[in-house]
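The values are calculated or read from the model by the stated rules, or taken from the named source; none is laboratory data. Just so it is clear, the model here is predicted, and its values are computed rather than measured. Counting neighbours? That spans all protein chains shown, and the Cβs are built from the backbone with ideal geometry, glycine included. All accessible areas refer to the heavy atoms of the entire protein, side chains included, with ligands and DNA or RNA removed. Shrake-Rupley method; radii C 1.70, N 1.55, O 1.52, S 1.80 Å.
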Amino acid sequence: MKNNPDIAAAWDSTLTIVVPTFNSIEELPACLESVQNVLGELIGKAVFVVIQDGQSTDGTREYAENINAKGITLVSERDKGVYDAMNNAITRADTDWIYFLGSDDRLLPDFKVMLGQLTNTNHIYYANVRFASSDKRYDGNFSTVKLAFRNICHQSMFFPSHILREDPYSLDYPVKSDWASNIRFFASIPFQHVDLDVALYNDNGGLSSTYEDVQFEKEKANLFYESHGYWMKLVCFVVPTTTRAFHLLSRRKKKTPGIIRNT
């Protein structure tokens, strides 16, 4: 879908893009370039960018301090991890909406179109992302059962600010706290999917693809039970077996040679 400047021009809300950083000097310039290329003059008027830095030592902070662009600001302070940094940014944001972008991710043109879809501040909106490694789309509309198998990509989600202020990210889950929040939110807040590709997501070497969240995996079934009832707790128990079987069948299918027909 092509950009529609009329949609962005008619949009009367405001959004903060939070970019959490820590020693991100190699990725941050290209990330910000994608933001500026996609959003252009909206930055500083309807969209504001906050670089939430955890006191980097590799030049990230110095680079951000020297950015001379309206609507892009730096906050550099100690934090207890990425979700603590995001919570700190949430408390400062005074816009209607909040969006989180990794420093190694990039915005896609449809992000600007998505702004015109954010019409109800009592709903959570989500779109799609593209994987940087394969350009594969992730991952369409979610149900409660689908959420048990995999999370909605954080870089596809647009949150009303008041929802995250009232219920910030738990620091108990250092890697998958956004999944834990989505489990809770899914039970009480309308989620609305919009079929647009809003970001290029780095699925190689990011936090969630590199580290396991042992505490979350241990408590995941109970999180579903608390918000969605006993039947979803049972679903969580079969998720690991079902997932392994799916990947095993997928690998076998790929190894099966195709039928060669003589013509």
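Taking into account only those residues within segment 76-86 that are in a helix (DSSP H, G or I) and either in contact with a Ser or Thr (Cβ under 9 Å, 6 or more places away or on another chain) or closer than 13 Å to Ile17 by Cα (or both), which is most open to solvent (accessible area, probe 1.4 Å)? I'd like the intermediate steps shown before the answer.
Taking segment 76-86 and keeping what is in a helix (DSSP H, G or I), we get 82-86.
Remaining after also requiring either in contact with a Ser or Thr (Cβ under 9 Å, 6 or more places away or on another chain) or closer than 13 Å to Ile17 by Cα (or both): 82-83, 85-86.
Numbers: Val82: 50, Tyr83: 15, Ala85: 3, Met86: 7 Å².
Taking the candidates together, the pick is Val82.
Against the test of being acidic (Asp, Glu), modelled with pLDDT of 95 or more, more than 25 Å from Glu217 (Cα to Cα) and open to solvent by less than 20 Å² (accessible area, probe 1.4 Å), the options Asp178, Asp105, Asp96 yield a single qualifying residue, Asp105.
Taken over segment 38-55, the criterion of being touching a residue at least 12 places away in the same chain (Cβ under 8 Å) and either part of a helix (DSSP H, G or I) or among the aromatic types (Phe, Trp, Tyr) (or both) is satisfied by Val38, Leu39, Leu42, Phe48. I'm trying to understand the selection: among the residues of segment 181-203, which are more than 17 Å from Phe216 (Cβ to Cβ) and among the aromatic types (Phe, Trp, Tyr)? Passing the criteria: Phe191, Tyr201. Criterion applied to Thr73, Thr60, Thr91 was being at pLDDT 95 or above, of a type outside the set (A, V, I, L, M) and open to solvent by less than 10 Å² (accessible area, probe 1.4 Å), and the one residue passing it is Thr60. If the condition is being open to solvent by 10 Å² or more (accessible area, probe 1.4 Å) and of a type in the set (Val, Ile, Thr), then segment 181-214 contributes Ile189, Val194, Thr210, Val214. Would you please name the residue that is nearest to the chain's Cα centre (by Cα), looking only at residues in segment 31-57 that are open to solvent by less than 10 Å² (accessible area, probe 1.4 Å) and farther than 22 Å from Asp94 by Cβ? It comes out as Cys31.
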